[in-house]
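Quick notes on the structure that follows.
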């Protein structure tokens, strides 16, 4: 298997506060890697550094084995908390803008909206969408350009049980297509159903990292492990 992402000694300070402290991990092609932990544990900050939105205080990031990290980031699709959209525009028009930015043919839009369950809402203005529908649209946005690495930050935010199952099935199907997934979430039990590998974060540090199957040989589930590790 080929290495898609390698992070070594990554640290991020905001003034005197350390948000992420000396973490290292790698992701191989086809893995579903869960960056898991409670809100405020450093997950989103870590993703921000990987995506180039935040400058690390220390450490290094390698993508697709390339020294040209800016070019390598073009192979990434991302759904993050700061993702923007235009509420007055339709779902289709929002995706058209993303296609223009990425230089992708707009003909992919109907298929993507179908994939995320919004085909019937293509012409509806996004301001009329529920939070879960907006999340689905931003998932479609992340898939534009056929990225090799897809990063999801709390992808089930605002979703009902049906939406959560949809995201779970989508992540699994993307991995089956050969995509590599990095997903940050505080929903340990839900991520246990999809991840092949996990890193458990708490206060900017890793409590555990490795294959999910290895962790589950010693603990009943992720939630039980986390409660034991932090008690």
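The values are calculated or read from the model by the stated rules, or taken from the named source; none is laboratory data. Please read all numbers here as calculations on a predicted model, not as lab measurements. For neighbour counting, all protein chains shown are included, and Cβ atoms are generated from backbone atoms with ideal geometry for every residue, glycine included.
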Residue within segment 125-133 that is crowded, with 18+ Cβ neighbours inside 10 Å, at pLDDT below 95 and either out of contact with any helix residue (DSSP H, G or I) (no Cβ under 8 Å at 6 or more places or on another chain) or under 15 Å from residue 181 (Cβ atoms) (or both) present: no
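Listed residues 122, 58, 71; which is touching a helix residue (DSSP H, G or I) at 6+ places or on another chain (Cβ under 7 Å) and either closer than 23 Å to residue 170 by Cβ or exposed (fewer than 14 other Cβ atoms within 10 Å of the Cβ) (or both)?
Details: 58 fails: touching a helix residue (DSSP H, G or I) at 6+ places or on another chain (Cβ under 7 Å); 71 fails: touching a helix residue (DSSP H, G or I) at 6+ places or on another chain (Cβ under 7 Å).
That would be 122, the only listed residue that is touching a helix residue (DSSP H, G or I) at 6+ places or on another chain (Cβ under 7 Å) and either closer than 23 Å to residue 170 by Cβ or exposed (fewer than 14 other Cβ atoms within 10 Å of the Cβ) (or both).
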Qualifying residue in segment 41-52 (condition: at pLDDT below 95, touching a helix residue (DSSP H, G or I) at 6+ places or on another chain (Cβ under 9 Å) and more than 15 Å from residue 150 (Cα to Cα)): no
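Could you grab me the full set of residues in segment 149-182 that are farther than 24 Å from residue 129 by Cα, in contact with a strand residue (DSSP E or B) (Cβ under 7 Å, 6 or more places away or on another chain) and in contact (Cβ under 8 Å) with a residue 60 or more places away in the chain?
Pass one, segment 149-182, residues farther than 24 Å from residue 129 by Cα: 149, 172-182.
Applying the additional criterion that residues be in contact with a strand residue (DSSP E or B) (Cβ under 7 Å, 6 or more places away or on another chain) yields 149, 174-175, 179-182.
Listed by number, the residues that qualify are 149, 175, 179, 180, 181, 182.
Can you name the strands (runs of 3 or more DSSP E) wholly within segment 1-95 that have at least 1 residues being in contact with a strand residue (DSSP E or B) (Cβ under 7 Å, 6 or more places away or on another chain) and over 30 Å from residue 227 (Cβ atoms)? Explain how you work it out, then say what you get.
On the way: elements: 3-14, 17-28, 32-36, 58-63, 76-79.
Result: 3-14, 58-63, 76-79.
Search segment 76-89 for residues being touching a residue at least 24 places away in the same chain (Cβ under 8 Å) and out of contact with any helix residue (DSSP H, G or I) (no Cβ under 7 Å at 6 or more places or on another chain), and hand back the single one that is surrounded by the most Cβ atoms within 10 Å (Cβ to Cβ).
Within segment 76-89, the first condition is being touching a residue at least 24 places away in the same chain (Cβ under 8 Å), and the residues that meet it are 76-83, 85-89.
Filter again for out of contact with any helix residue (DSSP H, G or I) (no Cβ under 7 Å at 6 or more places or on another chain), leaving 76, 82.
Numbers: 76: 22, 82: 10.
Taking the candidates together, the pick is 76.
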Neighbours by Cβ (under 8 Å, 6+ apart or cross-chain): first from segment 95-114, free of Cβ contacts under 8 Å to residues at least 60 places away in the same chain; second outside any helix (DSSP H, G or I) and exposed (fewer than 13 other Cβ atoms within 10 Å of the Cβ): 97/86; 99/105
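Is it fair to say residue 208 is more than 18 Å from the chain's Cα centre (by Cα), within 29 Å of residue 147 (Cα to Cα) and either touching a residue at least 40 places away in the same chain (Cβ under 8 Å) or surrounded by fewer than 21 Cβ atoms within 10 Å (Cβ to Cβ) (or both)?
Answer is yes for this residue.
The rows are residues; the columns are (1) at pLDDT below 90; (2) under 23 Å from residue 77 (Cβ atoms); (3) part of a helix (DSSP H, G or I).
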position: 158; (1), (2), (3): yes, yes, no
position: 165; (1), (2), (3): no, yes, yes
position: 168; (1), (2), (3): no, yes, yes
position: 171; (1), (2), (3): no, yes, yes
position: 175; (1), (2), (3): no, yes, yes
position: 178; (1), (2), (3): no, yes, no
position: 195; (1), (2), (3): no, yes, no
position: 207; (1), (2), (3): no, no, no
position: 226; (1), (2), (3): yes, no, yes
